[in-house]
Ligand code: GDP
């Protein structure tokens, strides 16, 4: 074997910024920085990190070495440079850039509603939608496709119908921005609360104008002036007080002030600089609002067209998904042939479930759409292999952690954390951090808000991690993939139980896991009031069997909103014991009233998993 060659410390480092791919090995890294692989290995050894020349390095190791020799580097994901080239070929600069003056036409503003929990965001969105349906489109069934359009004074306004700043921020984190104006909802009887401020910060960070809706003015304790005072303290001075924030008083419950709010939004939209324009000409481009796998229809993506006109038959590509548009469905459930700027529409015909926040474009031709998606898929795989190599250098999942501790080395527990809201995610992370000991470290492979998805499972599988879900659940695809890949998903509703389980695992006493077997799944199609019974959810059973008295939980966008048992189950007028997949049924909701169309009812059993 050749003796390792070391470079003198005085050897020059490359000038300028050197681009280094994440998860590079010493063999890749050394030469790029005018050093040898052996230099990298030796240096890391001195830092207490044992690596071989062909092992993937973590970001930290790469940065440490670069700092040591004084090189200026930029870490990129594998495939990032190829992505730049792909975007050039697909014409991203043109499609997401400024609209040529001679083509510019005004477009509807896109609005996101944010604010503190229970201040009435959902109610406001429902109210606006129900009273201002676009002319001539009434009659259809309201479809939840991530956004909807209403009409005011003959002009259209688009509302993103996932309220809150989580989705907004998640999209922005991926470089996509869909929102032109934020409506900040503040309850007149409660005033500015922590999430109001949080939402305000997010809107400001995104440089998006804010219109305040002071809601619940029908309530006796309502005190709009106090709210205005509080808003002023946070830099939102109402225009009537000489500031530049439009404040509208509304009652989502009674429908007062809604016209005023819509008119204000149009006014604010009109004074935006640069103006809100787009063009309906040319290839369509926009952003994926949400996507899922639908039984029967295959992958479905709800997109917001931002430019051009999306048409049936167009070859589209969104992230690593591609296809020819088979059908377009609008927010009223109608099949449409095309969708122009600021229009939300559901797209059928993609080969895979796209990710929310992905930008989609119509490619010049089908071949290009396909090759772009395949290239991305390839690099995503390479990146996840790289992460696996980097993270698993020493990391273990929950069930193996004790064994690793016993071997007397410093053990690392790899976790993927998912929670319902950012607040609980932070709280959980903090609490977990406190469990770290000299011989046990935690590594958060990823942390995020929202239901547990296939990409969480992919990441956990690739990085030998356990998934911890707090108030969230895996969707069907994620669950199936986890079973196939041997990824453990543990879900909790109380933080101390998470801590207790992990502490037990550290001393080799991990409680037997109760596997939850999902026995049935139904989608809420409609909720109606039945005299003397209360609310009943009209559902369609999509999987398995729904049985009376079974344990049940209600999910909205992957987040658990209620747990309990089913009280009554009916087929038409008759009480029944069970309803099979493919049939409709009515589910009585005794003490839980807040179901909505699109929510999922999931029934389950708990079975203990025998450990071997
Ligand atoms: P979100 O968490 O911000 O989406 O709040 P919701 O829309 O779910 O509303 C929370 C509660 O406040 C629900 O019970 C609503 O019925 C109630 N609510 C919403 N708007 C109004 C309003 O204008 N007046 C009154 N009195 N109650 C309202």
Provide 562, 241, 322 in ascending order of the number of other Cβ atoms located within 10 Å of each residue's Cβ, fewest first. 241, 562, 322
Starting from the alpha-carbon convex hull of the chain, give the projected area averaged over all orientations, in nm². 33.1
Ranked on Cβ counts within 10 Å of their own Cβ, fewest leading, 446, 239 go 239, 446
Under the √(5λ) rule applied to the eigenvalues of the Cα gyration tensor, what semi-axes describe the equivalent ellipsoid of the stretch 21-172? Give them in Å, descending. 52, 21, 12
Report the equivalent ellipsoid semi-axes for the stretch 279-379 in whole Å, largest first, defined as the square roots of five times the eigenvalues of the gyration tensor built from alpha carbon atoms. 18, 16, 12
antiparallel share of DSSP beta bridges within the chain, to nearest 5, in %, is 65
Given Cα pairs under 8 Å that are at least 6 residues apart, what percent is the relative contact order of the stretch 290-378? 38
Using the Kirkwood formula over every pair of different C-alpha atoms, what hydrodynamic radius in Å results for the stretch 516-608? 12.9
Considering only DSSP beta bridges where both residues belong to the stretch 151-284, give the percentage that are antiparallel (nearest 5). 20
Nearest 500 deg cm²/dmol is fine: what mean residue ellipticity at 222 nm does the chain get from its DSSP H runs of n ≥ 4 alone, each adding -39,500 (n - 2.57), divided by its residue count? -8500 deg cm²/dmol
Pairwise label distance in nanometres, residue 530 with residue 297, each label 7 Å out on the Cα-Cβ vector: 2.7
Mean 1/r over distinct Cα pairs of the stretch 390-510, inverted to a Kirkwood Rh in Å, yields 14.2
Which whole-number percent gives the relative contact order of the chain, counting Cα pairs below 8 Å spaced six or more residues apart? 9
Can you put 69, 601 in order, fewest other beta carbons within 10 Å first? 69, 601
Calculated FRET efficiency, residue 239 and residue 87, Cβ-Cβ r, R0 45 Å, to nearest 0.05? 0.65
What value in Å³ per residue do you get for the convex hull of the alpha-carbon atoms in the stretch 108-275? 113
Express the relative contact order of the stretch 108-275 as a whole percentage, based on alpha carbon pairs under 8 Å and six or more residues apart in sequence. 24
Once the principal axes of the Cα atoms of the stretch 15-78 are found, what is the range along each, listed largest first in whole angstroms? 28, 23, 18
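Values in this text are rule-based calculations from the coordinates and carry no lab data. These numbers were taken from a predicted model, which means no experiment stands behind them. Cβ atoms come from the backbone with ideal geometry, glycine included; neighbour counts cover every protein chain shown.
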